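These notes concern the structure reproduced below.
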Amino acid sequence: MKLKILQILFSGMFMIVTNHSVAVDLNCEPDDERCKKEEYKITIYKQGRDEYDKARQTGDFTKVYFIARELANLKDRRGRMMLKMVYIQLGWGKHNNLPQAYAWLDQGVKDGLEYAPKWLDRLHSEMSPSELEKAKVLIDKASD
């Protein structure tokens with residue numbers, strides 16, 4: 001029993017140190033690039049999931065936003081789902097920086113995400129004129 005516990009602890013420490021998900025069995029050859037990419041996506045997704053849980057407590061969705069966008073840009077369905085969850089939180093005004101949340105949602109609209117306009121409109125109705133002006137500045141900076 002103690003040996004099994006030690007093995008589990010070591011395996012967890014190894015995952016943290018190497019930043020790889022060793023628990024994922026993809027049935028791959030050692031040099032299979034497809035599997036390396038999938039293992040990378042799974043590792044990043046797990047980090048994003050942890051960051052999402054933290055963000056719901058702290059109100060700072062910055063890390064999870066960028067993780068979700070990275071995964072979504074890799075055409076990963078988990079990343080797209082995570083990004084949608086982040087956009088919902090942003091639309092509810094849960095991010096501690098409403099102008100930044102607005103700019104991110106605006107980018108989602110520009111990316112053609114069909115659900116983003118709804119959340120952008122909702123957030124817009126929650127923001128003050130000065131917050132909206134700050135958001136416009138952020139959007140303008142991003143387009144430069």
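Each value in this text was obtained by applying a stated rule to the coordinates, not by laboratory testing. As the structure is a computational prediction, the values presented were derived from the model and not from experiment. A quick note on method: Cβ atoms are made from the backbone with ideal geometry, for glycine too, and the neighbour counts reach across all protein chains shown.
Based only on other Cβ atoms within 10 Å, what is the fewest-to-most ordering of V109, V64, V137? Walk me through the numbers before you get to the answer.
Values: V109 17, V64 24, V137 11.
Going from least to most buried by this count: V137, V109, V64.
Restriction of the chymotrypsin sites (Phe, Trp or Tyr not before Pro) in the stretch 50-103 to DSSP coil positions whose beta-carbon has at most 14 other beta-carbons within 10 angstrom yields W92. Residues in the stretch 82-91 carry Karplus couplings, in order, of 5, 4, 4, 5, 5, 4, 4, 4, 5, x Hz; the curve used is 6.51 cos²θ - 1.76 cosθ + 1.60 with θ = phi - 60°, and Gly or Pro positions show x. The HN-Hα couplings worked out from phi for the stretch 56-71 by the Karplus form 6.51 cos²θ - 1.76 cosθ + 1.60 (θ = phi - 60°) are 5, 8, 8, x, 10, 9, 4, 4, 5, 4, 5, 5, 5, 5, 4, 5 Hz, whole numbers, x standing for Gly and Pro. Applying a DSSP loop filter and a limit of 15 other Cβ atoms within 10 Å to the GluC sites (Glu not before Pro) in the stretch 59-132 leaves E114.
Quick check on my link table: of K63/K136; K54/K141; K110/K141; K110/K134, which ones sit more than 26 Å apart, alpha carbon to alpha carbon?
Values: K63/K136 22 Å; K54/K141 28 Å; K110/K141 15 Å; K110/K134 19 Å.
Pairs exceeding the cut-off: K54/K141.
Amide hydrogen proximity for D60: with H placed 1.01 Å from N in the peptide plane, the residues at 5 or more positions away or on another chain lying under 5 Å are N96.
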